[in-house]
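J.: Questions regarding the structure given below will be posed in turn.
Where a number appears in this text, it was derived from the coordinates with a stated rule and is not lab data. Note that the structure is a prediction, hence the values are computed from the model and not measured. Cβ sites come from the backbone with ideal geometry, for glycine too, and all protein chains shown count toward neighbours.
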Amino acid sequence: MIYVGTDIIEIERLQEVLDRNGPRFVEKIFTPEEIAYCSGRTVQARHYAGRFAAKEAVKKALLSYDKTKIIPLKNICITRREDGAPFVEIQEQGHTVQISISHTQHYATAVAVLEIK
């Protein structure tokens, strides 16, 4: 069975959250590895938005399958493989999820695919 999750976010909206809540928001949602990656980018909000959309997409795919109702976003880590492709690490889950992230100047979107055999 295949479960899909998708999400889209306005980058400007995420920038407003970053401006208003700064480190408190970032540390609540993102792992230290994600923070290091996004903080090192020229347009940080674009990369935080991409990671946020990816986390939401993964969460939606997992919730479609699992009976679990609560999955903290910080338990989902979006990293990069050596070739630069995004990769999902999930705390306390035995699932493999494939992820794709895209962004433009205004939007970030992600699609997650969970395959259960």
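J.: From the list Ala45, Ala53, Ala57, exactly one residue is aliphatic (A, V, I, L, M), touching an Asp or Glu at 6+ places or on another chain (Cβ under 9 Å) and over 13 Å from Thr109 (Cβ atoms). Which is it?
T.: Ala45
J.: What is the residue count in the range 27-56 for residues that are part of a helix (DSSP H, G or I), in contact with a Cys (Cβ under 8 Å, 6 or more places away or on another chain) and under 24 Å from Val97 (Cβ atoms)?
T.: Counting residues in the range 27-56 that are part of a helix (DSSP H, G or I), in contact with a Cys (Cβ under 8 Å, 6 or more places away or on another chain) and under 24 Å from Val97 (Cβ atoms) gives 5.
J.: Next up: Suppose we filter Leu14, Leu63 for residues that are surrounded by fewer than 17 Cβ atoms within 10 Å (Cβ to Cβ) and either part of a helix (DSSP H, G or I) or among the basic types (Lys, Arg) (or both); which single one remains?
T.: Selected residue: Leu63, the only one of Leu14, Leu63 that is surrounded by fewer than 17 Cβ atoms within 10 Å (Cβ to Cβ) and either part of a helix (DSSP H, G or I) or among the basic types (Lys, Arg) (or both).
J.: Select from the range 81-117 the residues that are among the hydroxyl-bearing types (Ser, Thr, Tyr), closer than 27 Å to Gln15 by Cα and exposed (fewer than 15 other Cβ atoms within 10 Å of the Cβ) and list them in ascending order.
T.: Scanning the range 81-117 gives Ser100, Ser102, Thr104.
J.: Follow-up question, since we're still on this one. For the range 80-112, give me each residue that is free of Cβ contacts under 8 Å to residues at least 60 places away in the same chain, within 29 Å of Glu16 (Cβ to Cβ) and either of a type in the set (A, V, I, L, M) or in contact with an Asp or Glu (Cβ under 8 Å, 6 or more places away or on another chain) (or both).
T.: Correct list: Val88, Ile90, Val97, Ile99, Ile101.
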